[in-house]
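Peer 1: Pasting a structure here, questions to come.
The values are calculated or read from the model by the stated rules, or taken from the named source; none is laboratory data. Treat the numbers as computed from the prediction; the structure is a model and nothing was measured. Quick reminder, even Gly has a Cβ in these numbers, built from the backbone with ideal geometry, and neighbours come from all protein chains shown.
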Amino acid sequence: MRVKQNLNNTTREFSEEVPETCVQLANNSTESLRDRVNAVRRQRRNGISEIVNENNRRVREVH
């Protein structure tokens, strides 16, 4: 009987801990992916800004 009770306790602890761990891993992956996407967007924006600034400078030089 004691073995069965210990097994039930272990099963309950496992079933409570595992989903929480899975959710945490999923959240970490999502945050990491979001950070990478934002970094790429920031790089693109900065690159576009540099191109626009360069074009504006050339236009000013011509006029």
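Peer 1: What are the pairs, 6+ residues apart or on separate chains, where a residue within the range 11-40 that is modelled with pLDDT under 75 has its Cβ under 9 Å from a residue that is surrounded by 10 or more Cβ atoms within 10 Å (Cβ to Cβ) and not in a helix (DSSP H, G or I)?
Peer 2: Final answer for the pair search is none.
Peer 1: So, in the range 52-63, of the ones that are at pLDDT 90 or above and not polar (S, T, N, Q), which residue ends up nearest to the chain's Cα centre (by Cα)?
Peer 2: Initially, the range 52-63 is screened for residues at pLDDT 90 or above, giving 52-60.
Next, only the ones that are not polar (S, T, N, Q) stay: 52, 54, 57-60.
Numbers: 52: 30, 54: 33, 57: 37, 58: 39, 59: 40, 60: 42 Å.
Within the range 52-63, the match that is nearest to the chain's Cα centre (by Cα) is 52.
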